[in-house]
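Beneath this line is the structure, given in structure tokens, with notes to follow.
FYI, it's all coordinate maths here, none of it is from the lab. It should be emphasised that the depicted structure is a prediction, and the values quoted were computed from it without experimental measurement. Every residue, glycine as well, gets a Cβ built from its backbone with ideal geometry; the counts of neighbours run over all protein chains shown.
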Amino acid sequence: MNNFEPIIGLEIHVELKTKSKMFCGCNADYFGHEPNTHCCPVCLGLPGALPVPNRRAVEWCVMLGLALNCEIPLLSKFDRKNYFYPDLPKGYQISQYDKPFCVNGWMEIYIKDVISNEVRNPGSIAAVKNIRFARSLANARDDNGSKKTIRIRRVHMEEDTGKLLHGVVNGEKCTLIDFNRSSVPLVEIVTEPDIRSSDEAKIFLKKLYQIIRYLGISDADMVKGSMRLEPNISVGIAASPSAPRNDNNKESELPSYKVEVKNINSFNFVKKAIDYEIERQIEILERGEIPKQETRGWDEKKGITYSQRSKEEAHDYRYFPEPDIPPIRWTTDQITKYKLQIPELPDKKLKRFIKEYGLSEYDAAILTEEKEVAEYYESGIKNYELRIKNEKVNITPKIIANWIINKKVNISRVTPEELVKLISQKQQTVQIDEKELDKIIDEILSDNQKAVNDYKAGKTQVLMFLLGMVMRGLAGKGDTALIRKLLEKRLQ
Amino acid sequence: MELYQLSLKELIEGLKDKKFTRKEILVSFYTRIQKINPIVNAFLTVIGGNNWNDKEGELSGIPVGFKDIYVTKDIRTTAGSKVLENYIPQYNSTVVQKLVSKGATIVGKTNQDAWAHGSSGENSDFAPTKNPWNIDYVPGGSSSGSAVAVAAGMCPVAFGTDTGGSIRLPASFCNVVGLKPTYGRVSRYGIIAMASSHDSIGHFTRTVYDNALILNMTAGKDPCDATTSNTNVPDYTKNIKNGVKGLKIGLPKEYLAKGIDPNVEKIFKQVLQKYEGLGAKIIDISLPHTEYALAVYYIIQPSEVSSNLARYDGIRFGNDRNRFGQEAIRRIMLGTYTLSAGYYDAYYLKAMKVRTLLIQDFKKAYEKVDVIITPVSPTLPFKFGEKTDNPLAMYLSDILTVTMNLAGVPALSIPGGFVRGLPVGFQIVGPNFSEDLLYQVGYAYEQVTDWHKQKPKL
Amino acid sequence: MRDMVKDKNSLTLEEVKHVAKLAKLNLSGEELLKFQKQLSGIIDYINKLKEVNTDEVEPTSQVTNLENVFREDEVKPSLTQKEVLSNTNSSYNGCFKVKAIFQE
């Protein structure tokens, strides 16, 4: 029997959330606005208009490349990618061909136990998924067999196209075009075909998403289309089951074909599309045929991929250097400056949380899942450190972590300061140990012999008086229910 | 003397001295256009009536013409092509905006070879412009209408574009002064792109001084054009009278090789004698890669054209691609082919490398000389239809002008004389951003000749 | 790959058809033949570049010598929807309208 092995690469498009578009001053926040209201001569491709690149977009592209461990070639340029489509106003897309901003990067992913976790945690809500993901990371960390490096071929800068809407007007099928999205900055990330399963693909994408969100350069909102995923899949035959392929295959070992699945908008759909394709392709290979090299669409309702009739038999993009934009040359100082601007990324933060705050990997993974949560947590820690100096409270970073992870505090409503206050109140409540409480109750009872007698005589309402006295003795920090119970016991 | 016969300088000074009014100027030119345009067909659109710009500025009362490749807000802009026969732009090009804000009145949009593809004006999708010196002859192209408008007294200043000689050639054929500035000196924003890495934005005037006055207003960095330069913009009239005594003028041997009409050569030799008489030194130089320039040009230029004309799909503006004329189709096809898979390295990449050698030729030459002088056209103006069936023969009209566009250097075309009543010009070519020097050299010649004072009889 | 260098001096009719398709031009049979002849003539002429040794030469794609020209990330006014649509006669609900592009 053949030992089939999926060979998967990913192309990911991410819209940057700059204020203005890539090559003109139109507002880049186009989503949900009236059609064709965020357009100017440049992004509409009017005769005579010229592009001028957005500095911030280019810097963010470089920063993403750096976050993905890319080399930043000192000389880079834009190129024209020529093709006709109604959503492409100039008849070419300004993109990058042979001198992209970032090349030869890599990302480490942790893959152990993903599948078993899927089975153990069949829940579907986002929170559960996140925790499951964090756990799979935590379980896998430091386990050499489960750490894998996915190489990143390039990260380059380009512009988005307009949006096509298909509909019927006056009984006639037609396509409507809105150019608000035209020329919104778009970064394309291309991996090497180092991925071997749909799970690896999903883990890679989630981590990429996490990094992009950490950098704050895009919402990466897949529903809105600001992050678009395109896996390319082929199935090869591994040399022998006992000698599995090396992760980093040479080009020559790759299958002779490749199937690209276009524009998928969720990690789960990517996983499903890859699984579907692997099965479909293996079926063809088992018949002794070779799957056709093509671009396929993803039908999320049916859960299948489908052949997209190619509009042109041959794509020939006729790339050439964009004459309207001078090349970009970085100095090493500039690159260093961009490196310094990159915030602490999830992997590093996770390790630091473990080391600095004594957290378990599991907790640290959940807290660093999103930058906002991690920052909230650290802000809480700073607050408690202040409190530790002023008051004698007994809170640990672990306790704050537990609160955030388990109590599900709404971090958008409760400030870190409020959270720490809340925790410290609760902590003090339970901190008073019963021996001390017994001592105070003894004192109160002997000091108030009359009330004790009254109680025993049936005037049970004096209990509230005694309770008040004990609370006063505890400076209001006591747990009233507990004290009441203890008092009743003693007075019996 | 009629007001329409005055130079820009004379008009501005006359206004200052209250010799005449703005209205008198505009009426004089407008009347002239009404009379002459039906004969020479220099304007595709004439803006008449009372559409005068009442903005106060240096150019208040001065009529200007723009080649129909300059985008003008609310004024039809065709690029000489049926694809854009009804296109009304939503914005102004930077140069138009600059001129209008200085008070200039746009009197019309001038005729041209469609998309600036051509050396004779015959590729206009409407009807060709005629040479005012003899209407059986072509005026040169592609900025034919603007050259003729100035030569025939329909406006003192008209704007053109020079991608491979499209200002200098018609200037030479029509006996006017035409500047191809350094690439990046004047903004290309809002000027319909032909070949983006060559397109230079210049203008026609009757005198060298007028030409310098206008460059003072158009030159400079434009935030809307990333290829414009920050290089300081001097007052181009400041050193104009400094003369050429002791100046080293380079004479490149490759520009007088085979294929030059003996009549053109004769006039050119007389020009050199004048300069020697003025105290300049003529120095023989070589620009060794010159013979390859046209081949480089006819790879890079159509490649860029094929991409720049892709936006004309009839969706957002204009008619669809079926309305392209034969020359546009030819260049789109040629450029698509040279960029296509399998050919890029042999053609486009190779051409870009030879382009580097052409630039080095000029750099080396300017170590020895201050400016270079050459003829503009290898031939006299030719008759209509003479070259229309042979595209390659037509392309060869640009053989002495394309090199400057490939190298980016500035060049000024100056009237140099007449042969059988037809004008012959020459060009002064300088290092990047040496327009002030070109004006100085051109002005010195103009002062000792009176070609520029001759007027065509219409 | 595009790096493959082909050596030839004329175009076949098939190539002319392919190029016309890439350029989105509808040409008649007569036009195709005419351009085959004319383009072959021009290609033959530009092939003279092969004589030039460019082994050690860097390509020039820009003559400006400029580098790093950017605009700051600032929002400027856009055109109105009416202006955007002012040069088309095929629009619907604020969008440009074209014949259906089939995507099954």
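Projecting the Cα atoms of B:I240, B:I329, B:P375 onto the charge dipole of chain B (Cβ charges, centred on the Cα centre) puts B:I240 farthest toward the positive pole. Taken as Cα centroids, the range A:35-68 and the range A:322-343 sit 16 Å apart, rounded to the nearest whole angstrom. Binning all Cα-Cα separations of the range A:18-74 at 5 Å, short to long from zero, yields these whole-percent fractions: 4, 17, 21, 18, 16, 12, 8, 4, 0. Less than 5 angstrom separates the built amide H of A:I7 from those of A:S234, A:V235, A:G236, all sequence-distant by 5 or more or on a different chain. By the count of neighbouring beta-carbon atoms within 10 Å, fewest first, A:M471, B:M154 end up ordered A:M471, B:M154. Summary: within chain B, the longest segment free of GluC sites (Glu not before Pro) located in DSSP loops with at most 10 other C-beta atoms within 10 Å is B:57-458. From the alpha carbon centroid of the range B:94-164 to that of the range A:188-234 is 54 Å. Charging the Cβ of each Asp and Glu at -1 and of each Lys and Arg at +1, and nothing else, the dipole of the range B:3-453 about its Cα centre rounds to 420 debye. By other beta-carbon atoms within 10 Å, ranking B:T77, A:T37 with the fewest at the front produces A:T37, B:T77.
Within the range C:1-94, the GluC sites (Glu not before Pro) that combine a DSSP coil assignment with at most 12 other C-beta atoms in a 10 angstrom radius are C:E56, C:E72, C:E74. For the pair the range A:269-309 / the range B:300-342, the C-alpha centres are spaced 37 Å from each other. Remark: mean inter-chain Cβ contacts per residue of C:20-30 equal 6, using a 10 Å Cβ-Cβ cutoff to other protein chain atoms.
The mean number of Cβ atoms from other chains found within 10 Å of a Cβ in peptide B:386-392 is 2, as a whole number.
Over 23 Å apart at the Cα level, from the set B:K130/C:K24; A:K207/A:K272; B:K35/B:K55; A:K202/A:K302; A:K148/A:K407, are B:K130/C:K24; B:K35/B:K55; A:K148/A:K407. Under a 5 Å amide H cut-off, with hydrogens placed 1.01 Å from N, B:N131 pairs with B:Y137 among residues at least 5 apart or on other chains.
For A:D438, B:D389, A:D79, B:D370, the sequence from fewest to most other C-beta atoms within 10 Å is B:D389, A:D438, B:D370, A:D79. Secondary-structure-derived ellipticity at 222 nm for chain B, considering helices only, amounts to -10000 deg cm²/dmol, per-run term -39500 (n - 2.57) for DSSP H runs with n ≥ 4.
What does the charge add up to near B:K281, with Lys and Arg as +1, Asp and Glu as -1, over the other residues with Cβ less than 13 Å from its Cβ? In short, 0.
For the range B:31-104, the calculated P(r) over all alpha carbon pairs, in 10 Å bins from 0 to the bin holding the longest distance, is 18, 46, 33, 3 percent.
Loop-located trypsin sites (Lys or Arg not before Pro) in the range B:236-316 (DSSP state not H, G, I, E or B) with no more than 12 neighbouring Cβ atoms inside 10 Å: B:K241, B:K245, B:K258. DSSP finds beta bridges in the range B:3-453, and of those with both partners inside it, around 65 percent are antiparallel.
Taking the DSSP bridge list for the protein assembly as shown and keeping only pairs wholly inside it, about 85 percent are antiparallel.
Checking the cross-link pairs B:K67/C:K82; A:K90/A:K224; A:K90/C:K99; A:K258/C:K21; A:K19/B:K67 against a 29 Å limit on the alpha carbon distance flags A:K19/B:K67 as lying beyond it. Peptide B:300-310 shows a mean partner chain C-beta count of 5 within 10 Å per residue C-beta. Think of the protein assembly as shown as a dipole: +1 on every Lys or Arg Cβ, -1 on every Asp or Glu Cβ, centred on the Cα centre; then among A:M227, B:L287, A:M471, A:M471 lies furthest on the positive end. Positive end of the dipole of the range B:3-453 (Cβ unit charges, origin at the Cα centre): among B:P410, B:V46, B:L215, the Cα lying farthest that way belongs to B:L215. Remark: C-alpha extents of the protein assembly as shown on the principal axes read 139, 80, 65 Å, sorted largest to smallest. The alpha-carbon atoms of the range C:8-52, seen along their principal axes, cover 36, 18, 13 angstrom, with the largest extent given first.
Going by alpha carbons, how many degrees (0 to 90, nearest 10) lie between the helix axis of C:29-46 and the longest principal axis of chain C? Here the helix axis deviates by roughly 60 degrees. Note on A:K421: aspartates and glutamates with a C-alpha under 13 Å away, same-chain residues under 8 apart excluded, are A:E385, A:E391.
In chain C, the longest principal axis of the Cα atoms and the axis of helix C:13-22 are about 30 degrees apart.
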